[in-house]
Amino acid sequence: MLDSEKMLFQAILDNAPMGIWFLGLDGRMQFVNKTFCTALGVSEDVFLAAKCYVDVMPPNVTAGLLRSDVECLTQNGPHQSLEWLPFVDGKDHLMEITKIKVLDKDGLPMGLIGLATDVTQLKQHAKQLEHIAHFDALTDVPNRVLFADRLRQALAHSKRENSILAVCYLDLDGFKVINDTMGHESGDRVLIEVTKRIKAIIRVDDTVARLGGDEFAVLLQGLHATEECSTSLNRLLEAIGQPIEIKGKLFEVSASIGVALYPGDDYDADTLLRHADQAMYSAKQSGKNRYHLYDAASDRRTRTHHEFLKRLAVALVRGEFELYYQPKVDMCTRRFVGAEALIRWNHPERGVLAPAEFLQAVEGTTLEVELGDWVIATALKQLESWHKAGLSLELSINISARHLQSTDFAWKLKRKLLRHPPLPKGCLQVEILETAALGDIPRVSETIERCNKIGVGFALDDFGTGYSSLSYLGRLPVDTLKIDQSFVRDMLFDKGDKAIVQGVIALAKAFDRRTVAEGIETEELFHALVAMGCEYGQGYGIARPMPAEELPAWLEKWNSAPFR
């Protein structure tokens, strides 16, 4: 080989981005490139002068290097290993070392070629990716994937050790309000603080994970009695419930916790987490800021309830709901004056269902408000149709407490009324349960007053069933009291019921309110109420609730033969 070729070959080897060397069978370096020497801070002369190259390497790596040399010489094919080597920059670098046995023309080993590539950054990047894949970016605790893996390992350990394991599913109460009103940055601060508090309560071997949003999971291991779990859960509730300072203001959140205990709940990891989630829902339904232990019977009821809610939502989309209308008449003149809109479900398999069979299921859910909005929109459309046909009447609709107390109720009602300009003021009345009105007098009164300004009247339904009716009546701007049918139906035979009916009528007159008696089923009741001074009435004796298209025929019949 010419000198110029040797120089070119040397330059190529020296500038290669990896360490390259040739090692003789005696352990002496016969060649080493500049890259390797520069990285280690060992000159080429020192390497080549050493009787054995490992003599100039750090003592902590010599054993590994010698072992890999032997393995390379005794095996077929390249040999690979990872070694941490100290570089001249003062840091240890992870080197991927490939050694290749070199044979002479007779197939006998002459030595080996070594190639060393710095993979430190690659390994660090891989480690970062691994961390990102298994840890929550905001709180730096395990995510759902890593939690599931730790839960499976904990189950195996619990089986071997015959210990108790608790899977806890946490959902924060009140977090959405902070997140929506104070912004996502404040919401993130709450999540970070809650995570710190959970980590401070649980033991080193336990795990807290953020599953997403404001949902967390906690794995309690090595328990020997359920009481240990209860103690930890109570401490968690207390710690999470402490005030959190955000932008100079104190806020409070709490947690609803669902718990599945193994081996009592003897299922796999995925099922245990699902059971804990279902138990959490029960804790939230029971009032929040508490924990609930999963049990199969409760699970069946919860799943049935969830499925029924989904079916109701589908029914709303499919248009399976319908309003029936029960007429109201002036008791003195027998004149038809209005009707009460009552929701019905035209179930494809079960037929027409009354409200008692489905409305209770939607209480406290968003579907409750959605159904209420549908009732208002449908009733106004029908009311406009009747008015255009020359049938003037006042239509009453029933609204739940949750719906009425929503902050935008009056605004949304006004928007709906504006879509029906032909309707005169005073033709729509909202009925609310007395017990609902008494739940938050100031807020309910404010909403009623706003609705009064747009021409909507209000009636207290089931009046007389509450315990604070007399003291609060003057504070509620309602124009009508509906006497509950439980008092009306038996008032001819029960002196107590009769006294209540008389008292409500007198009270209404004293407060300048109208009265409507429900549950009028006989002419005798009708005449007795007229004698007492009741103004309006409704009940099966007058008319049962009916579809809108049947009202004109009923009205014609009533006008020809009303109660006399």
(message) Please compare each pair in Lys159/Lys199; Lys127/Lys196; Lys414/Lys509; Lys388/Lys425; Lys176/Lys249 to a cut-off of 20 Å on the Cα-Cα distance and tell me which ones are over it.
(response) Lys159/Lys199; Lys127/Lys196; Lys414/Lys509
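Quote the charge dipole size of segment 3-123 about the Cα centre in Debye, to the nearest 20; the model charges only the Cβ of Lys and Arg (+1) and of Asp and Glu (-1). Before the final figure, lay out each step's value.
Values: 10 positive and 16 negative charges, 38 e Å.
It comes to approximately 180 debye.
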(request) Round to a whole angstrom and tell me the spacing of the C-alpha centers of segment 315-348 and segment 167-245. (result) 48
(message) Under the rule of at least 5 residues apart or a separate chain, name every residue whose amide H is placed under 5 Å from the amide H of Val337.
(response) Lys328, Val329, Asp330
(request) Identify the chymotrypsin sites (Phe, Trp or Tyr not before Pro) of segment 52-138 meeting these criteria: DSSP loop state and at most 16 other C-beta atoms within 10 Å of the C-beta. (result) Phe87
(request) Determine which aspartates and glutamates satisfy two conditions relative to Lys99: a Cα distance under 20 Å, and not lying fewer than 8 residues away in the same chain. (result) Asp14, Asp26, Glu44, Asp55, Asp69, Glu71, Glu83, Asp118
(request) Among (1) 283; (2) 172; (3) 225, find the value of volume of the Cα convex hull per residue in Å³ that was calculated from the structure presented, and write down its label. (result) (1)
(request) Starting from the Cα of Lys105, draw a straight line to each of the lysines and keep only those under 30 Å, dropping any in the same chain fewer than 8 residues away. (result) Lys6, Lys34, Lys51
(request) Determine the relative contact order of segment 135-294: mean sequence separation of Cα pairs under 8 Å and six or more apart, normalised by residue count, in whole percent. (result) 29
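I need the per residue convex hull volume for segment 243-310, using only the alpha carbons, in cubic angstrom as a whole number.
Dividing the Cα hull volume of segment 243-310 by its residue count gives 128 Å³.
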(request) At a temperature of 4 °C and a viscosity of 1.567 mPa s, determine how fast segment 264-346 diffuses translationally according to Stokes-Einstein, using the Kirkwood radius over alpha-carbon pairs as Rh; express D in µm²/s, rounded to the nearest whole number. (result) 78
(message) If you restrict to DSSP beta bridges whose two residues both lie in the chain, what percentage is antiparallel, to the nearest 5?
(response) 70
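Using a cut-off of 15 Å between beta-carbons, work out the net charge of the residues near Ala50 (Lys and Arg +1, Asp and Glu -1, Ala50 not included). It would help to have the intermediate numbers written out before the result.
Values: positive: Arg28, Lys51; negative: Asp26, Glu44, Asp45, Asp55, Asp69.
Around Ala50, the surrounding residues sum to -3.
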(request) Can you grab the distance from the C-alpha centre of segment 247-310 to the C-alpha centre of segment 50-69, Å, no decimals? (result) 60
(request) Determine the relative contact order of the chain: mean sequence separation of Cα pairs under 8 Å and six or more apart, normalised by residue count, in whole percent. (result) 8
(request) Over segment 135-294, consider all pairs of different Cα atoms and compute the Kirkwood hydrodynamic radius from their mean reciprocal separation; express it in Å, one decimal. (result) 15.7
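Any read-out appearing in this document is the output of simple, stated calculations on the displayed coordinates, not a laboratory observation. These figures come from a predicted structure and were not determined experimentally. Note: ideal-geometry Cβ built from the backbone for every residue, glycine included; neighbour counts use all protein chains shown.
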